[in-house]
1. Among the strands (runs of 3 or more DSSP E) contained in the stretch 46-88, which hold 1 or more residues that are on the phi < 0 side of the Ramachandran plot, open to solvent by 20 Å² or more (accessible area, probe 1.4 Å) and hydroxyl-bearing (Ser, Thr, Tyr)?
2. If I ask for residues that are surrounded by fewer than 15 Cβ atoms within 10 Å (Cβ to Cβ) and either of a type in the set (Gly, Ala, Ser) or at pLDDT 85 or above (or both), which ones from the stretch 155-169 would you list?
3. Can you name every residue in the stretch 182-205 that is under 17 Å from SER168 (Cα atoms), of a type in the set (S, T, N, Q) and open to solvent by 40 Å² or more (accessible area, probe 1.4 Å)?
4. I'm trying to understand the selection: among the residues of the stretch 90-145, which are in contact with a Gly (Cβ under 6 Å, 6 or more places away or on another chain), open to solvent by less than 10 Å² (accessible area, probe 1.4 Å) and among the hydroxyl-bearing types (Ser, Thr, Tyr)?
5. Could you please find all residues in the stretch 15-45 being more than 15 Å from the chain's Cα centre (by Cα), hydrophobic (A, V, I, L, M, F, W, C) and open to solvent by less than 20 Å² (accessible area, probe 1.4 Å)?
6. Checking LYS1 against (1) more than 17 Å from LEU99 (Cα to Cα); (2) in contact (Cβ under 8 Å) with a residue 60 or more places away in the chain; (3) surrounded by 15 or more Cβ atoms within 10 Å (Cβ to Cβ); (4) not hydrophobic (A, V, I, L, M, F, W, C), which test does it fail?
7. Part of a strand (DSSP E or B), within 12 Å of the chain's Cα centre (by Cα) and of a type outside the set (Phe, Trp, Tyr), is that true of LEU92?
Amino acid sequence: KVRFAKHHFGSDKILIIVDGDDKPYKFDGSTFSQITTATSDQDGAEHAVAHKNHLFFAKDTTLSFSAPFSDTDFTAASGAGTIVFDNAITGLISFREQLIIFTEKTIHLLVGNSIADFQVQPVTRDIGAVQPDTVQEIGGDIMFLGPDGLRLLSATERNNDFGLAVVSKMIQPTMTQFVGQSTSYSSVVSREKSQYRLLGFNASY
């Protein structure tokens, strides 16, 4: 599945493309090229996001990041690095000076500005985003698909994973049926209507 990230480290706006199979690609508005300097940690990356002047890539359980202000330098001497999690990463989003890392079972925050002071802090070790492409920013919060329905990050953190954090509770039977029938997901935010929309796909239907 093809996913995108944008950055503006230099004078041009750059689109970064990952597909879970090849080395990442970049497009500067006129030239489309592969990032051939990418290492095995970025080769086959499934998620990408720009944060704190670094590019972050997620591949299975590994989170890797480029050197500052670069989308082609992945050498440790320049400030690039990797962080390994216990579970496969299902989503990345930069939010309020923090990088939020979702796995199927956990949520973590990456705080700091560079490899010198990056720190990973747990939000919860019991709840995560069970499906990729369901993490969205809406109304000053982060919504995602958890094992029990749609959740808000702030409520999940505040209520220590109790059911109060589930915002789809009023439509739980419909939500359960929808999740049970879908095999892959996408989501989109309609900011004009302050709506989060979840779309499911099942090839057998």
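The values are calculated or read from the model by the stated rules, or taken from the named source; none is laboratory data. Predicted model, so just to flag it, every value in this text is computed and none were measured. Because the Cβ atoms are built from the backbone with ideal geometry, glycine has one as well, and the counts that use them run over all protein chains shown. Protein only, heavy atoms only, side chains kept; ligands, DNA and RNA dropped before computing areas. Shrake-Rupley method; radii C 1.70, N 1.55, O 1.52, S 1.80 Å.
1. Values: elements: 47-51, 54-59, 62-65, 81-84.
In the stretch 46-88, 62-65, 81-84 are the strands (runs of 3 or more DSSP E) which contain 1 or more residues that are on the phi < 0 side of the Ramachandran plot, open to solvent by 20 Å² or more (accessible area, probe 1.4 Å) and hydroxyl-bearing (Ser, Thr, Tyr).
2. Listed by number, the list holds a single entry, GLY163.
3. Listed by number, the residues that qualify are SER186, SER194, GLN195.
4. THR103
5. ILE35, ALA38
6. Going through (1) more than 17 Å from LEU99 (Cα to Cα); (2) in contact (Cβ under 8 Å) with a residue 60 or more places away in the chain; (3) surrounded by 15 or more Cβ atoms within 10 Å (Cβ to Cβ); (4) not hydrophobic (A, V, I, L, M, F, W, C) one by one, LYS1 breaks only (3).
7. Values: part of a strand (DSSP E or B): yes; within 12 Å of the chain's Cα centre (by Cα): yes; of a type outside the set (Phe, Trp, Tyr): yes.
It is true that LEU92 is part of a strand (DSSP E or B), within 12 Å of the chain's Cα centre (by Cα) and of a type outside the set (Phe, Trp, Tyr).
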